[in-house]
Amino acid sequence: MIVTVASGKGGTGKTSIAVNMALSVGNLQFFDCDVEEPNAYLLLNPELHGTEPVYASIPMVNKELCNFCGECSRFCQFNALFVAPEKILVFPELCHSCGGCALVCPQKAITWEKHQIGTLKFCGVDDLTLVYGELDVGKPLAVPIIKAVKNHIAADKDAIVDSPPGTSCPFVETVRGSDFCVLVTEPTPFGLHDLKIALQVLKTMQIPFGVVVNRAGLGDRKIYDYCNDQNVRILMEIPYQRQIAELYSKGVPFSVEMPEWKEQFQKLFDEIKRLTKK
Amino acid sequence: MKACVTATSTSLDAQLDPRFGRCAYFIIIDLDTMQFEAFSNLAQAATGGAGIKSAQSIVDKGAKVLITGNVGPNAFNALNAAGVEIITGASGVVRDVIEQFKQGKLTKTNAPTVGDHSGMGGK
């Protein structure tokens, strides 16, 4: 079973909840797909076992074949190619690796070369494995790194996937193929606003989901009213509580110091299993 | 020889637009006849690579000189590869700017004058 923890809004507690669930359940695979700011490892304190570069394909122009017609540059929606009367420049940091330039080149002058855009890190702590990706600074493409992280999901073990915030490509790529998505929100107008968008994405992708309300007691009741109206299941509430916040501020997963929560997270995971029938 | 001036509208009486990649209009002027062609910058709203796309547009129109306020690093590299002379720091009315250039009062730059994305309002 693959469970993704996502939110729409940033800072609702995705990583905290994903990590607490993983530590409470144990013996599973953890994937941090927030490749722009992967920080689950700060809560897990794992041992680093290895790294692997992630590449994107960028066009390489054969100067013998190129006649500087400019078709590639005209085609490129990302302005990654510049064609002068006798020179051609490729700007790798703008390329989205769509492959269109090679398709439209009448001279068949374009092949591909590898351009590093990030790094995968393989870690372990007790009976958990952690794989996360780091996007290099200045590189525009998170999605290929997310794909590379997810390629390491093994089918024979449960997996928890920590999603980046937002509801665009990086979120869509992260949650694609999940059996269930836990949406972490907070009872504020901002939490509700972004939760609505995330729900639409998941409905379109036909991925089952449930909501965890973090910092319950803060803000208003609109999240509850909305979930009630929409028949969205609230799986868990985590109170807005000083001890939880203090542990978080020290980088300690709160279920480790508050064993009553370990049981709650185990129950949450069992409930998700029951809902997905896995 | 053709020169390109970045402009805020389409005539020789327009003000020079200090941005290159995200200027409003390009005016391509034949320096011998003063005949000109103005066209809007399709890269103005590009999500990225505006300087490169702008460089491509003016090179395709045959400009050998660019007169503008600032150029960023990608535009500079592209224009340099195409052998375009790059004049920065110009301001005022396009017609006057051309006259200053003809009199040799403007100097070319050998490096980008601003960082990435400065035409988007950042620095």
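Laboratory data are not the source of any read-out in this text; all were calculated from the coordinates shown. Please read these numbers as outputs of a predicted model, since none were measured by experiment. Because the Cβ atoms are built from the backbone with ideal geometry, glycine has one as well, and the counts that use them run over all protein chains shown.
Of note:
- Derived scalar couplings between HN and Hα for region A:227-237 equal 4, 4, 4, 8, 6, 8, 6, 8, 7, 6, 10 Hz in order, rounded to whole Hz, by the Karplus curve 6.51 cos²θ - 1.76 cosθ + 1.60 (θ = phi - 60°), x for Gly and Pro.
- Mean separation of Cα contacts under 8 Å, 6 or more apart, over the residue count of region A:56-116: relative contact order %: 50 percent
- Working note: Karplus 6.51/-1.76/1.60 with θ = phi - 60° gives region A:53-64 the couplings x, 10, 10, 10, 8, 10, x, 10, 9, 7, 5, 6 Hz, where Gly and Pro are set to x.
- For B:E85, the amide hydrogen comes within under 5 Å of the amide hydrogens of B:V65, B:L66, counting only partners 5 or more places away or on other chains and with H modelled in the peptide plane.
- Leading residue at positive end of dipole, region B:2-120 (Cβ point charges), from B:I28, B:N80, B:G104: B:N80
- Using the Cβ-Cβ distance between A:L42 and B:M34 with R0 set to 60 Å, the FRET efficiency from 1/(1 + (r/R0)^6) comes to roughly 0.40.
- In range of the label at A:K147: residues from region A:191-220 whose backbone nitrogen is under 20 Å from the point 7 Å along Cα→Cβ: A:205
- Excluding same-chain neighbours fewer than eight residues apart, the aspartates and glutamates reachable from A:K273 by a Cα-Cα span under 18 Å are A:D156, A:D158, A:D162, A:D179, A:E263.
- Student exercise, the protein assembly as shown dipole from Lys, Arg, Asp, Glu Cβ charges, in Debye to nearest 20: 620 debye
- Region B:2-120: relative contact order as a whole-number percent, Cα under 8 Å and 6+ apart: 28 percent
- Each residue of region A:174-184 was assigned a 3J(HN,Hα) from its phi angle through the Karplus expression (A = 6.51, B = -1.76, C = 1.60, θ = phi - 60°), giving 5, 7, 4, x, 6, 7, 7, 10, 8, 9, 8 Hz with x at Gly and Pro.
- Each residue, A:E113 and A:M1, gets one label point 7 Å from its Cα in the Cβ direction; the gap between the two is 4.8 nm.
- Amide H contacts for A:L218 (H built 1.01 Å from N in the peptide plane; partners 5 or more residues away or on another chain; cut-off under 5 Å): A:Y240.
- Taken along the Cα-to-beta-carbon direction at a fixed 7 Å, the label points for A:C98 and B:K108 span 3.4 nm.
- Chain A, relative contact order [Cα under 8 Å, separation at least 6], %: 28 percent
- Relative protection proxy for A:2-9, B:23-30, from highest mean packing down: A:2-9, B:23-30 (other beta-carbon atoms within 10 angstrom).
- The number of Lys pairs in region B:2-120 with C-alpha atoms less than 20 Å apart, excluding pairs fewer than 8 positions apart on the same chain, is 11.
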